[in-house]
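The values are calculated or read from the model by the stated rules, or taken from the named source; none is laboratory data. None of the values given here were measured: they were computed from a predicted structure. Cβ placement follows ideal geometry from the backbone for every residue including glycine, while neighbour counts extend to all protein chains displayed.
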């Protein structure tokens, strides 16, 4: 790798080509040239480590394209940093799509990728926070008024969008894991951060020799957060919140 080119941590989650596979790429570029440019963000290489390495091996200049130009072409770039995909999210989706990974390998990638994603998301969040005394609407423009009665929101759509925009939803979408599997990865990540998972168990999940569910069975409910409510109790709480005071009084009389 060029001494002037750094590699994004999320890209390092995926192994480099070696041996025969790398030699075939070198021969292909030597004959046909570099057909697909590498993607970078300034001096940080985002995608194309193997192509860049092959070009250096051949002693030819690597073709690059800027990340902003790539996402702009796909309609994600609007000129404001927090409105285009996180680089770590982009790298994950791009690499998983081109590789044939088993569920164990996807889980291992997700475990390595998640801390990088959290760090990048926190950095972007801190950059987009309004400073004390500043206005979130400096131009004084009025927000568009919507007649809520004419177009009531579909609660099912809200839940679906909430899941899709959650960390688990993004992890599932970009790795090919199910939403349930993605949530298991997140639970293990939180438990590992809290120091309640032995290092050997965490390493076993990353290595693909142990399934996340097997590790989670060893953890007490309090280790990963609040104890989980049963489905019946959760349903009762939901009904209680929706009930009128009269209905609550009637319910209390019935249970006395």
Fill in the blank from the handout: Residue hits (the range 89-102; under 13 Å from the mean Cα position of the chain (by Cα) and free of Cβ contacts under 8 Å to residues at least 60 places away in the same chain) are 90, 94
Practice task
Go through the residues of the range 178-193 one by one and say whether even a single one is at positive phi and either without any contact (Cβ under 8 Å) to a residue 12 or more places away in the chain or surrounded by 12 or more Cβ atoms within 10 Å (Cβ to Cβ) (or both).
Solution key: no
Practice task
Please verify whether the range 71-88 includes one or more residues that are outside any helix (DSSP H, G or I), under 23 Å from the mean Cα position of the chain (by Cα) and modelled with pLDDT of 90 or more.
Solution key: no
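Okay, residues lined up against (1) assigned to a loop (DSSP other than H, G, I, E, B); (2) assigned by TED's automatic domain parsing to the domain that holds residue 118; (3) over 18 Å from residue 96 (Cα atoms):
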residue	(1), (2), (3)
17	yes, no, no
22	no, no, yes
34	yes, no, yes
50	no, no, no
53	no, no, yes
56	no, no, yes
Completion exercise
Expected single match for modelled with pLDDT of 85 or more, closer than 30 Å to residue 107 by Cβ and surrounded by fewer than 10 Cβ atoms within 10 Å (Cβ to Cβ) among 199, 226, 211 is 199
